[in-house]
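Report on the following structure.
The values are calculated or read from the model by the stated rules, or taken from the named source; none is laboratory data. Just so we're clear, the structure is a prediction, and the values are computed from it rather than from any experiment. Here the Cβ positions follow ideal geometry from the backbone for every residue, glycine too, while neighbour counts run over all protein chains shown. Areas reflect the complete protein model, heavy atoms only, side chains present, ligands, DNA and RNA absent. Shrake-Rupley method; radii C 1.70, N 1.55, O 1.52, S 1.80 Å.
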Amino acid sequence: MSEESPTDQARAIFSCKYTYTREDLASDYQAELLNYSNEKWEYPQRAARLSAAVKRYKSFRMLCFIFEIADETELDLTPLIVKRLCNRFFGRSGSQDMIVDIFGQKGRQHRSRDNLPSVIDEVVTRYRLAAHSCQSSMLHDIEQVKKDYQASIKKARLQTE
């Protein structure tokens, strides 16, 4: 019986603990809608919760993309490499705690052989278009969820007037 690769182990952690789909994002927006009230001023708190939901979704989608390319690239995915790839592909690093939990290895003492700018540059060049497509899809999903939310708020306001 063969042991799982570090990438397979990371993928298992990611799937078990950090799955956050478009449906989860929409569900969080709907939960805020259920608690919405014109009489109660809670805009800053609601905005913070919705912003956190969007960040969770973006982090999830970015890491999904990293896992999509992981087998082809055969990179030694450490938290630093994943953070650098996310920054280069998407302009953001995602949740550092999540990345360390998924890709960190206790007791690891050697530096990744793939932690060279030339290696990162080659991967980014190779997958730039795919990352752009992933980001466009992610942003489209977020905009659709926000539009549905705004339409529902307008409808709720009209009903209470």
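The table for this structure:
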read-out	value
Residue match in segment 12-22 (condition: of a type in the set (A, V, I, L, M, F, W, C), modelled with pLDDT of 90 or more and buried (at least 16 other Cβ atoms within 10 Å of the Cβ))	yes
ASN35 vs. criteria farther than 16 Å from PHE14 by Cα, of a type in the set (S, T, N, Q), more than 17 Å from the chain's Cα centre (by Cα) and open to solvent by 60 Å² or more (accessible area, probe 1.4 Å)	yes
Tally, over segment 38-54, of residues that are exposed (fewer than 11 other Cβ atoms within 10 Å of the Cβ) and touching a residue at least 40 places away in the same chain (Cβ under 8 Å)	1
Residue within segment 61-81 that is within 25 Å of ASP28 (Cα to Cα) and either open to solvent by 20 Å² or more (accessible area, probe 1.4 Å) or among the small types (Gly, Ala, Ser) (or both) present	yes
Subset of segment 122-154 that is at pLDDT below 95 and crowded, with 16+ Cβ neighbours inside 10 Å - its residue that is farthest from ARG46 (Cα to Cα)	SER152
